[in-house]
Amino acid sequence: MSFPVYLWLGSWRIHPHILFESLAYAIAFRLVLHNVRQDTISSPQRSSVIVGGMVGALVGAKVLVLLQHLDVVWQSGENFLLVLLQGKTVVGALLGGLIGVELTKKSIGVRRSTGDAFVYPLIVGTAVGRIGCFLTGLSDRTYGIATSLPWGVDFGDRIPRHPTQLYEVIFLLGLMIFLLIRSRYSRQEGDLFKFYAIAYLGFRLSIDFIKPDFHPFLGLSAIQVACLLGLLYYCRSIPQMFAFAPLSSRVR
């Protein structure tokens, strides 16, 4: 396999990152629009929350990707603009979106949790996007370090590497199955999002140790530091992930 793996639509040759990223956004947004119809807040409030989350996600994705690639950014203004315009990170989007939603809810007086509607769209969208990252190869900078394991992938530099993009896809599919099972048991409003956030941030904190990233913060990358901060924010909710109780036992 030669990377990037271009895809053909008739006579058009489409870059995999552009195709799968577009699909990820389209699928996730469609699922969000479907899920939010089931929440309990008004339509104007719902629209404000979605916009606040999107703005926060965009800002968070850009800020964190700049911190993640400080080693490249400070080399030249051209690199700074390139990373700013093209770079983004899921962790930054997740945490930025969370901040944007919470600030918006506070400003419009919404106290109910609204995160559950975004869980499955985020999982599916991220998984689809990671397929595009894998097919893009080295230029995407999401591959792993060198490995001698039989499933190591040569992305074009003749070095078998951990296909960390596929690891993430597998993890996300497993997480979705777990959450579908967990949702059958007693839980409070907003728990699904907490479960998702804790699991994903924990996964990224771990998997990024086998990525050849810049690790200036006590051996951690900027993304890993952000994951730690997010986990600290949710630390009180971690025991709930494993507190399974039948729905019939829920206090009424």
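The values are calculated or read from the model by the stated rules, or taken from the named source; none is laboratory data. As the structure is a computational prediction, the values presented were derived from the model and not from experiment. We place every Cβ from the backbone using ideal geometry, glycine too, and count neighbours over all the protein chains shown. SASA here: full protein model, heavy atoms, side chains in, ligands and nucleic acids out. Shrake-Rupley method; radii C 1.70, N 1.55, O 1.52, S 1.80 Å.
A few remarks follow.
- Computed over the chain with a Gaussian network model linking Cα atoms closer than 10 Å, the most mobile of Ile99, Ile159, Ile207 is Ile159.
- Eligible lysines near Lys106 by straight Cα distance, threshold 21 Å, same-chain separation 8 or greater: Lys194
- Mean Cα-pair separation over length for the chain, i.e. relative contact order, pairs under 8 Å, 6 or more apart, %: 21
- Under 18 Å of direct C-alpha separation, and excluding same-chain neighbours fewer than eight residues apart, Lys62 reaches these lysines: Lys88.
- Cleavage-rule hits, chymotrypsin sites (Phe, Trp or Tyr not before Pro), segment 1-43, DSSP coil, Cβ neighbours within 10 Å at most 15: Tyr6
- Solvent-accessible area per residue, Å², over the chain with all protein chains present [probe radius 1.4 Å]: 55
- Only one residue of Ile170, Val128, Phe195 has its Cα farthest out toward the positive end of the dipole of the chain, where Lys and Arg carry +1 and Asp and Glu -1 on Cβ, and that residue is Phe195.
- Of the DSSP H helices in the chain, those whose Cα atoms cover at least 20 Å axially and whose Kyte score averages 0.5 or more: 16-35, 43-68, 90-108, 116-136, 164-182, 191-207
- Solvent-accessible area, 1.4 Å probe, carbon plus sulfur percent, for segment 26-171: 67
- Amide H contacts under 5 Å for Gly190, placed H, 5+ residues apart: Asp116
- For the chain, the 222 nm mean residue ellipticity estimated from helices alone, with every DSSP H stretch of n ≥ 4 adding -39500 (n - 2.57) and the total spread over all residues, rounds to -19500 deg cm²/dmol.
- The protection proxy used here, the mean number of other Cβ atoms lying within 10 Å of each residue, ranks peptides 128-137, 82-91, 63-72 as follows, highest first: 128-137, 63-72, 82-91.
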